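**Q** I am attaching a structure below and will ask some questions about it afterwards.
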Amino acid sequence: AISQGAISFQCRSDDERVLKYMEALNHENTFQAVTCERAFLAALDGNCKTPIAGQAKVEDGKIRFRGLVSSPDGKQMFRIERDGDASDAVALGRGAGQEVRKEAGEKFFEEMQAYVQLIQAANEKPVRG
């Protein structure tokens, strides 16, 4: 799952006191890895209900990304691996997503989104007991 295991904090952008504390909590390698993974997800218009996986690891200023997109039934899978400079995390993740999107084709993503909407609608129906 995208960004699984990473802990995130938010605060108001003008709250200097809290921002100072949060800077000390930031782990740069994790930040770059999560940024890459989220850029991949965004390029695919993904969310927590779409079968999209990504893992980025940062070491010595380099980033290695592995991504996967699957049809809901698992019969079609598209995998990608990319390496680059950690400072290019967003571009690397976005580029990987765009490449997978092109390879899979728009019809694949339309069908995936239709399936996700169908499942969401089914989950919203009240259960009678």
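The values are calculated or read from the model by the stated rules, or taken from the named source; none is laboratory data. Predicted model, so just to flag it, every value in this text is computed and none were measured. Glycine also receives a Cβ, built like all others from the backbone with ideal geometry; neighbour counts cover every protein chain displayed.
**Q** Within region 63-74, does at least one residue satisfy the condition of being surrounded by fewer than 12 Cβ atoms within 10 Å (Cβ to Cβ) and closer than 25 Å to Asn123 by Cα?
**A** Yes, region 63-74 contains a residue that is surrounded by fewer than 12 Cβ atoms within 10 Å (Cβ to Cβ) and closer than 25 Å to Asn123 by Cα.
**Q** Within region 46-69, can you find the residues that are at pLDDT 95 or above and not aliphatic (A, V, I, L, M)?
**A** Gly54, Gln55, Lys57, Glu59, Asp60, Gly61, Lys62, Arg64, Phe65, Arg66, Gly67, listed by residue number.
**Q** Between Arg17, Arg38, which is outside any loop (DSSP other than H, G, I, E, B) and within 23 Å of Met77 (Cβ to Cβ)?
**A** Matching residue, one of Arg17, Arg38: Arg38.
**Q** When the residues of region 46-62 are narrowed to those that are part of a strand (DSSP E or B) and more than 11 Å from the chain's Cα centre (by Cα), which ends up surrounded by the fewest Cβ atoms within 10 Å (Cβ to Cβ)?
**A** Once the filter is applied, the top-ranked residue is Glu59.
**Q** Let me ask something else about it. Considering every residue within region 76-90, establish whether at least one is part of a helix (DSSP H, G or I), closer than 23 Å to Thr35 by Cα and charged (D, E, K, R).
**A** yes
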